[in-house]
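Colleague: What follows is a single structure, and I will ask about it in a moment.
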Amino acid sequence: MQVFSSDNHRRHDAVELSRGKLQVSVESPRRVDIIRRSLSEAGHDVAAPGELDIALVRQIHAAEYVEFLSGIWARWQAQFGDDTPAMPFAWPSRHAAPERPKDVVGQLGYHSFAADCSIGEGTWDAATAAAAAAQSAADHVATTGEATYALSRPPGHHATHDQFGGYCFLNNSAIAAQRLLNHGRSRVAVVDIDYHHGNGTQDIFYRRSDVLTVSVHADPMSEFPWFAGYDHERGAAAGEGWNLNIPLSLGADYSAWSAAIDKAAARVADSNAEALVIAFGADTFVDDPLGTFSIETQNYVETGEKLASLTLPTVIVQEGGYAVQSIGENVAALLEGFR
Ligand code: SP5
Ligand code: ZN
């Protein structure tokens with residue numbers, strides 16, 4: 001399979017606030033090193049992505065958010081004068097339409113929803129490289145029809161129209177879907193099988209019917225991102241009926257998870273989608289330090305086969321997965337299902 005991956009992911013190496021402690025993020029550069037090694041061993045062809053079309057990013061994200069992300073590190077450093085990574089500190093109240101403050105720290109709160117990721121000198125370069133991998137994978141699918149994998153890092157599915165969080169800055173899967181539409185597909189389905197709900201992708205396409213969003217994930221009543229991912233969220237306005245959430249109980253096993261994947265695939269088959277984006281997180285794996293599901297490596301082969309049997313032109317975009325010692329085998333297993 002053609003794989004797109006940029007070395008620029010390395011420029012983002014974040015910290016996260018976890019149970020009251022600031023620690024090195026589990027979303028580490030090593031994840032990509034290990035995936036790259038496994039995919040090369042399995043005979044996949046790894047190429048660098050082309051240059052990111054920033055107009056494509058602006059189809060998905062607010063212009064003021066793109067401007068914020070690209071400039072925030074320089075502004076933070078100018079204000080505080082050291083290399084401490086930028087992090088949000090306070091968020092808007094739940095009911096009012098908030099002001100957008102001018103202040104650096106105020107804008108960090110306005111443009112985020114979580115304190116599990118920091119912004120450093122290379123974050124923008126890494127995030128744009130991850131989006132470029134998704135864009136190049138979509139281009140390759142549109143021209144060849146062959147399933148293609150974007151090894152995007154940092155991940156993207158939690159990034160909303162104008163907020164970062166959940167280790168995500170630019171929504172790579174949404175960018176891939178939009179690129180496929182730009183290539184002339186009239187409807188694209190995004191199936192998100194990361195352990196966590198794809199709240200960003202849901203947010204971005206919530207009022208649209210040209211992108212069907214489906215997410216299989218741990219019940220947000222008990223798990224990040226907590227404030228989205230419920231089954232009553234079905235889309236709005238023109239998008240009503242075009243979002244499907246399939247939350248599962250903590251500790252779900254392969255039998256529950258695969259039944260949910262079947263349900264997701266059935267919705268796609270019923271949607272007239274002309275292309276598919278799979279937002280793939282390997283954090284459903286039994287040994288994942290963030291997840292509670294018990295999916296095994298071999299199960300990802302069958303999952304790949306199920307999604308491949310939709311016979312749609314398919315972009316697979318990397319999202320989460322933090323059991324680094326197994327992440328390469330798990331990604332290779334999913335791709336194996338597409339051979
Ligand atoms: C892309 C993706 O999978 N994002 C997940 C973001 C979840 N962040 C919150 C995790 C809270 C648990 N922190 C425990 C850290 C392990 N020491
Ligand atoms: Zn996840």
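The values are calculated or read from the model by the stated rules, or taken from the named source; none is laboratory data. Please read all numbers here as calculations on a predicted model, not as lab measurements. Positions of Cβ are generated from backbone atoms using ideal geometry, with glycine treated the same way; all protein chains shown enter the neighbour counts. Please note that ligands, DNA and RNA were not included when accessible areas were found on the heavy atoms of the full protein model with its side chains. Shrake-Rupley method; radii C 1.70, N 1.55, O 1.52, S 1.80 Å.
Colleague: Return P(r) of region 1-146 (all Cα-Cα pairs; 5 Å bins starting at 0; whole %; ordered from short to long distances).
Modeller: Spelled out bin by bin, region 1-146 gives 2, 9, 15, 18, 18, 15, 11, 7, 4, 2, 0 percent.
Colleague: Now, a different point. Not counting ligands, DNA or RNA, and with a 1.4 Å probe, what is LEU290's accessible surface area in Å² rounded to the nearest 10?
Modeller: For LEU290, solvent-accessible area is about 60 Å².
Colleague: What translational D, rounded to a whole number of µm²/s, comes out for region 64-198 from Stokes-Einstein when the hydrodynamic radius is the Kirkwood one over Cα pairs, at 37 °C and 0.692 mPa s?
Modeller: Calculated translational D: 205 µm²/s.
Colleague: Same structure, new question: I want the local charge near GLY120. Using Cβ-Cβ distances under 11 Å, sum +1 for each Lys or Arg and -1 for each Asp or Glu among the other residues.
Modeller: Computed value for this residue: -3.
Colleague: Given a 1.4 angstrom probe, I'd like the percentage of the accessible area of the chain that is carbon and sulfur, rounded to a whole number.
Modeller: 48
Colleague: Moving on. Ignoring ligands, DNA and RNA, how do TRP242, TRP226 rank by accessible area with a 1.4 Å probe, largest first?
Modeller: Greatest to least solvent exposure: TRP226, TRP242.
Colleague: Let me ask you something else. Mind checking which lysines have their Cα closer than 16 Å to the Cα of LYS263? Skip sequence neighbours fewer than 8 apart in that chain.
Modeller: Excluding near neighbours in sequence, the set is LYS306.
Colleague: For the chain, set up a Gaussian network in which alpha carbons nearer than 10 Å are linked by springs, and say which option among ALA127, ALA47, ALA55 fluctuates the most.
Modeller: Result: ALA55 has the largest fluctuation of those listed.
Colleague: Once you order the gyration tensor axes a ≥ b ≥ c over the Cα atoms, which shape class does the chain get: rounded for a/c under 1.5, otherwise prolate or oblate by comparing a/b with b/c?
Modeller: Rounded.
Colleague: Okay, moving on. How many nm separate the modelled label positions at GLU121 and ALA78, each set 7 Å beyond the Cα in the direction of the Cβ?
Modeller: 1.8
Colleague: A further question on this structure: Quick one: Cα centre-to-centre distance for region 243-288 and region 171-226, in angstrom?
Modeller: 12
Colleague: What net charge do the residues around VAL57 carry, taking every other residue with its C-beta under 14 Å from that of VAL57, with Lys and Arg at +1 and Asp and Glu at -1?
Modeller: -4
Colleague: How would PHE89, PHE68, PHE224 rank on accessible area, largest to smallest, probe 1.4 Å?
Modeller: Final ranking, largest accessible area leading: PHE89, PHE224, PHE68.
Colleague: Dividing the convex hull volume of the alpha carbon atoms of region 1-44 by its residue count, what do you get in Å³ per residue?
Modeller: Taking the convex hull of the Cα positions in region 1-44, it is 73 Å³ per residue.
Colleague: Calculated from DSSP H runs of 4 or more alone, at -39500 (n - 2.57) each and per residue, what is the 222 nm mean residue ellipticity of the chain, nearest 500?
Modeller: -11500 deg cm²/dmol
Colleague: Another question, if that's okay. Using Cα pairs under 8 angstrom and six or more residues apart, how large is the relative contact order of region 240-339, in percent?
Modeller: Reported as a whole number, the value is 32 percent.
Colleague: Taking 0.36 nm per residue of sequence separation and subtracting the Cα-Cα distance, how much length would be gained by fully extending the chain between ALA47 and ARG10, in nm to one decimal?
Modeller: Extra length available between ALA47 and ARG10 comes to 11.7 nm.
Colleague: Kirkwood Rh, region 188-318, all Cα pairs: how many Å?
Modeller: Over region 188-318, the inverse of the mean reciprocal pair distance is 14.5 Å.
Colleague: Over region 1-89, what is the relative contact order in percent, taking alpha-carbon pairs closer than 8 angstrom and at least six residues apart?
Modeller: The normalised contact order for region 1-89 reaches 30 percent.
Colleague: While we're here: Hand me the GluC sites (Glu not before Pro) from region 202-256 located in a DSSP loop with no more than 14 other Cβ atoms within 10 Å, in residue order please.
Modeller: For GluC sites (Glu not before Pro) across region 202-256 that sit outside H, G, I, E and B with at most 14 neighbouring Cβ atoms in 10 Å, the list reads GLU240.
Colleague: Something else about it: With a 1.4 Å probe and all protein chains kept in place, how much accessible area does TYR110 have, in Å² rounded to the nearest 10?
Modeller: Per-residue accessible area (TYR110): approximately 50 Å².
Colleague: Out of region 1-88, which trypsin sites (Lys or Arg not before Pro) are coil in DSSP terms and have no more than 15 other C-beta atoms within 10 Å?
Modeller: Passing both the DSSP loop test and the Cβ count: ARG19.
Colleague: In addition: Using alpha-carbon pairs under 8 Å, 6+ residues apart, how would you state the relative contact order of the chain in percent?
Modeller: 18
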